[in-house]
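Input: a single structure, listed below in structure tokens.
The values are calculated or read from the model by the stated rules, or taken from the named source; none is laboratory data. These numbers come from a predicted model, not from an experiment. Here the Cβ is made from the backbone with ideal geometry for all residues, glycine too, and neighbour counts use every protein chain on show. Just so you know, the surface numbers come from the protein's heavy atoms only, side chains and all, with ligands and any DNA or RNA stripped out. Shrake-Rupley method; radii C 1.70, N 1.55, O 1.52, S 1.80 Å.
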Amino acid sequence: MEETHVATWNDSSDHDDSFAVKRLMVILARCPDFKASLLELLEKHNLHPREVREITSKNPSCFILECEIVRARLQLDLCPSHFGLEGCQKLGSCNKLHICPRYVHNLCSERQCFLGHTWRTNHNNIVFTQIHIDTLPVSIIHMLVKLTTRPPQLSICKEYNNKQCNNPNCGKLHICAKSVLGDARTHHKKCQLNHSLMTQQCQFLFRTHGIATNDSQINVVTSLVSDSPDLSDSKPVTPPQGEKRDKVTENSITASLNKQKRVRKKAKNPANGRPPLPADSSTEKSDTSNKPKTAKQLNDALPDRLKGVVKDASPDETHEKEQIKTEDFFIYKTCWSVDVLGNVDIQEICCDSVEGLCAKEATGCPRLHAPQHFQWQISDLVSPNWYNLPVLHAKCLEISYCDPAQDNITLPRLDPSTQSPPIDGLLPILGRDVWKADFQKLELTNSLSDKKLQLRRLCTEPVADLNIMASNYIWYFLDDSNAWVPFGSNAENPYAKSLSAKIEKHFSQKRCQKIKMVVNNHTYILDFLTMCQANEKTNTVRNVRRRPGHHLDVKKETPLLPHTWTPMYPETQMVQFLLSTSSSEYLKIAALIQRPLATEGLKIVRIRRIQNPQLWRNFQCTKKSLKADSRVSSLEDLQVFKSIRSSLRGSICSANFDWKDHEATTNMKYGQGIHFYTDPSVACKNIEGYRATFQYLFVVRVLVTSKTKGPILQPLLKGYDTVVDNTSKPTVIVKCDKNHYYPEYLITMHSVI
């Protein structure tokens, strides 16, 4: 279902002069440098200076007036979390643009960029509407945003080097600054910072900034320093706490480290092919010479508290130490299913890793290590790498794949809030799209069917005297009733009963050769290449499938929250989601109220779904208890309507309707409680300021068991939970128990009269 996360905007921005604001923005967009004088606006566009001054004063985020010159400006920011590892997780409260920052500055040429190259998304349209530029052409919006934002530049996170950065969406490299600005292949043993460019965070930022990483690590670092000026501005060395940091010291540190890198480079590749001469007395005296300083001299030039960081070593000794450190640190020995990359020499799961402890784990196991006996992986068909899917997606695939009748399955979207590894590393590949798995072709296809990924399943290696259900494959054939029947299920002799196991053994040993089978005096030829069997006498051909047996317990549990809801953080109490006008959910609600509202001169502006887990659970628990109550003869779950003032929207969405707060000042005609209406047009009339520019209508789900005709002052005391105006066909339903109703949708309406 298509929907858009939208913030709970204050609709006070939808004032009467919004048309004038949009008109002025369109006019300035056509002027040179997006500016014009008050005289030009009066003479060419008939805009009075007083009107222009009023518009600019009310909308400082869109215009600026200086010296009788009006200039359009946009206070728009690109959402940094959108191009972070976890993506933007504010779930509707983000008012920044979601688009590729490199595309804004014409730097991204990737056709299927996972950050998006579309301006007119549902989220961005809401942001554009708030600042009245939603009617501007895309080319003008692109130009305005480009003028007010800076091109993205990669840099090293200084807070991370100070061990103070805990932001999972940090847009800077989390890597030791010394290893980049000094020598990328060396690091101190006591340093606890990251020294590898192959981490998920680094690889994600490299792709976001369009930096290729298929070269050696030292070449990548050299490219980074030359192409990204911000890297040289990083401060790799931090003074002790309590000492004040000054710019001269920081600049001298950075300059010294850059000089150290150049000295090391010359020491490894001398111009004349000879090793560098040791520093002698003549070299020390000639400070004004053009000869490069040694590491010792650079170390002496540093402040006293920073001396001892650099240490001279011979080229042979340095090379030997670098080899040891590279071998110990950068080579990943054993591959686990929780890692992003799942490349293994033997395409099986190590049984010892599942059942106990693998003896080869420290030295390097050629098989995949996993907590279960199966694992699903994907490949992008471009690189030779295979990537592990998270546990949730792997189980969804496994459960469906064990059913021979299943041809495909739609996988759930990646949800970064679950923190299920290796979800962060898969975001650049899968994004937040919906993918469909084809078990026959072993492929994943996205929602637009313009991108495909290869799919494979790994299972545990065969072990003698150990029955592993995930590794036991069953062979099926399609019978005349289109049902998949296991081989040997209807056979009489013992040979035929174990036919599926014999087929599997032949398949694993001689996959390219056909197998002949005799079952109940019928001879069949099974071809593994076409996955079909043919009867020698009748030439009847049947499809054949090879699937693992059912080994996962599928527990059918009633979901606590509706499946149509968008995932929320556990700590989030309430979220409003804007429904897309093309979604089936929007069309269903609109069809319910559109005609009654049209008779009252009202038009739907937007429909939001209210997601309040606590209120929803209270409502469902009440419904469940009423069903189980033997005294309740009937239970109705109705959709009713309630129109309210603008100031009450937030409190109702957060804490539900409360008749003591929301209707204490109104005439409670039928008794104490919230007066809901079965007709939305009647609901809109029973509100103060009926002809206001914008009105708000709630669609509410109400539980009705015992009802009586009002008015009744205190219905609960007399054993009634509902008061109505007509027991046979009520138009007014009065409720006073908050657990008996739930605000489901909030509709913003506009008066067209």
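Can you work out which of the residues in region 107-164 that are at pLDDT 75 or above and of a type in the set (Ser, Thr, Tyr) is surrounded by the most Cβ atoms within 10 Å (Cβ to Cβ)?
Looking at the filtered set, the residue picked out is TYR160.
For ILE604, are the conditions met, namely being in contact (Cβ under 8 Å) with a residue 24 or more places away in the chain and open to solvent by less than 20 Å² (accessible area, probe 1.4 Å)? Talk me through it step by step, then tell me what you get.
Numbers: in contact (Cβ under 8 Å) with a residue 24 or more places away in the chain: yes; open to solvent by less than 20 Å² (accessible area, probe 1.4 Å): no.
So ILE604 does not fit the description; no.
Condition check ((1) touching a helix residue (DSSP H, G or I) at 6+ places or on another chain (Cβ under 9 Å); (2) surrounded by 11 or more Cβ atoms within 10 Å (Cβ to Cβ); (3) at pLDDT below 85) across all residues:
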| residue | (1), (2), (3) |
| --- | --- |
| GLU571 | no, no, yes |
| MET574 | yes, yes, no |
| SER584 | no, yes, no |
| PHE619 | yes, yes, no |
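State which residue is most open to solvent (accessible area, probe 1.4 Å) when the search covers only region 515-543 and only residues that are under 20 Å from GLN440 (Cβ atoms) and in a loop (DSSP other than H, G, I, E, B). Full working, then the answer.
Of all residues in region 515-543, those under 20 Å from GLN440 (Cβ atoms) come to 526-534, 541-543.
Remaining after also requiring in a loop (DSSP other than H, G, I, E, B): 528-531.
Values: PHE528: 15, LEU529: 131, THR530: 82, MET531: 50 Å².
Once the filter is applied, the top-ranked residue is LEU529.
Return the residue satisfying two criteria in turn: it lies in region 73-98 and is at pLDDT 80 or above, of a type in the set (A, V, I, L, M, F, W, C) and touching a helix residue (DSSP H, G or I) at 6+ places or on another chain (Cβ under 7 Å), and of such residues it is nearest to THR148 (Cα to Cα).
In this case the residue turns out to be LEU78.
Quick one: how many residues across region 634-658 are farther than 23 Å from LEU561 by Cβ, open to solvent by 40 Å² or more (accessible area, probe 1.4 Å) and free of Cβ contacts under 8 Å to residues at least 60 places away in the same chain?
Residues flagged as farther than 23 Å from LEU561 by Cβ, open to solvent by 40 Å² or more (accessible area, probe 1.4 Å) and free of Cβ contacts under 8 Å to residues at least 60 places away in the same chain within region 634-658 amount to 2.
Here's the yes/no breakdown for (1) without any contact (Cβ under 8 Å) to a residue 60 or more places away in the chain; (2) under 13 Å from GLU461 (Cα atoms); (3) open to solvent by less than 10 Å² (accessible area, probe 1.4 Å):
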site	(1), (2), (3)
ILE349	no, yes, yes
THR363	yes, no, no
HIS373	no, yes, no
ILE378	no, no, yes
SER383	yes, no, no
TRP386	no, no, no
ALA394	yes, no, yes
LEU397	no, no, yes
CYS402	no, no, yes
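Within region 137-167, count every residue that is of a type in the set (D, E, K, R) and in contact with a Ser or Thr (Cβ under 7 Å, 6 or more places away or on another chain). Don't jump to the end; show me each part of the working.
From region 137-167, those of a type in the set (D, E, K, R) are 146, 150, 158-159, 163; that's our starting set.
If we keep only those that are in contact with a Ser or Thr (Cβ under 7 Å, 6 or more places away or on another chain) too, we end up with 158.
Residues in region 137-167 being of a type in the set (D, E, K, R) and in contact with a Ser or Thr (Cβ under 7 Å, 6 or more places away or on another chain): 1 in total.
May I ask you to say which residue of LYS603, LYS642, LYS624, LYS660 is more than 30 Å from ASN122 (Cβ to Cβ) and modelled with pLDDT of 85 or more?
Being more than 30 Å from ASN122 (Cβ to Cβ) and modelled with pLDDT of 85 or more holds for just one of LYS603, LYS642, LYS624, LYS660, which is LYS624.
Just for region 435-446: of the residues that are open to solvent by 40 Å² or more (accessible area, probe 1.4 Å) and in a loop (DSSP other than H, G, I, E, B), which one is nearest to CYS100 (Cα to Cα)? First the steps, then the outcome.
Residues of region 435-446 that are open to solvent by 40 Å² or more (accessible area, probe 1.4 Å), as a first pass: 436, 438, 440-443.
Still in the running and in a loop (DSSP other than H, G, I, E, B): 440-442.
Values: GLN440: 35, LYS441: 33, LEU442: 31 Å.
This residue is LEU442.
Among the residues of region 41-72 satisfying the criterion of being among the basic types (Lys, Arg) and under 19 Å from ARG30 (Cβ atoms), which is surrounded by the fewest Cβ atoms within 10 Å (Cβ to Cβ)? Talk me through it step by step, then tell me what you get.
The first filter runs over region 41-72 and keeps only residues among the basic types (Lys, Arg), leaving 44, 50, 53, 58, 71.
Still in the running and under 19 Å from ARG30 (Cβ atoms): 44, 71.
Details: LYS44: 11, ARG71: 15.
Ranking the qualifying residues of region 41-72, first place goes to LYS44.
Looking at region 696-728, which of the residues that are basic (Lys, Arg) and modelled with pLDDT of 70 or more is least open to solvent (accessible area, probe 1.4 Å)?
So the residue we want is ARG701.
Kindly indicate the residue of region 119-139 that is in a loop (DSSP other than H, G, I, E, B) and touching a Cys at 6+ places or on another chain (Cβ under 8 Å) and also nearest to SER93 (Cα to Cα) among those meeting that condition. Write out each step before concluding.
Applying the first criterion (in a loop (DSSP other than H, G, I, E, B)) to region 119-139 yields 119-121, 131-137.
Okay, now just the ones that are also touching a Cys at 6+ places or on another chain (Cβ under 8 Å), so 131-133.
Numbers: ILE131: 16, HIS132: 19, ILE133: 20 Å.
Restricting to residues being in a loop (DSSP other than H, G, I, E, B) and touching a Cys at 6+ places or on another chain (Cβ under 8 Å), the top hit is ILE131.
Looking only at region 676-695, filter to residues that are part of a strand (DSSP E or B) and open to solvent by 10 Å² or more (accessible area, probe 1.4 Å); which one of those is modelled with the highest pLDDT?
TYR677
Out of curiosity, is ASN167 within 30 Å of ILE423 (Cβ to Cβ) and surrounded by 14 or more Cβ atoms within 10 Å (Cβ to Cβ)? If you could, list the steps in order and put the result at the bottom.
Details: within 30 Å of ILE423 (Cβ to Cβ): yes; surrounded by 14 or more Cβ atoms within 10 Å (Cβ to Cβ): yes.
The answer is yes for ASN167.
Cβ contacts < 8 Å: first residue closer than 14 Å to ILE503 by Cα, restricted to region 466-485; second residue aliphatic (A, V, I, L, M) and open to solvent by less than 40 Å² (accessible area, probe 1.4 Å), any location; separation 6+ or different chain. Result?
Partner pairs satisfying both residue conditions: TRP475/LEU499; TRP475/ILE503; TRP475/VAL544; TYR476/VAL485; TYR476/VAL544; PHE477/VAL485; PHE477/VAL544.
Looking at THR318, is it at pLDDT 50 or above and either farther than 24 Å from ASN467 by Cα or over 25 Å from the mean Cα position of the chain (by Cα) (or both)?
Working: at pLDDT 50 or above: no; either farther than 24 Å from ASN467 by Cα or over 25 Å from the mean Cα position of the chain (by Cα) (or both): yes.
Considered against the rule, which asks whether it is at pLDDT 50 or above and either farther than 24 Å from ASN467 by Cα or over 25 Å from the mean Cα position of the chain (by Cα) (or both), THR318 comes out as no.
Given the criteria surrounded by 15 or more Cβ atoms within 10 Å (Cβ to Cβ) and not in a loop (DSSP other than H, G, I, E, B), does SER508 qualify?
no
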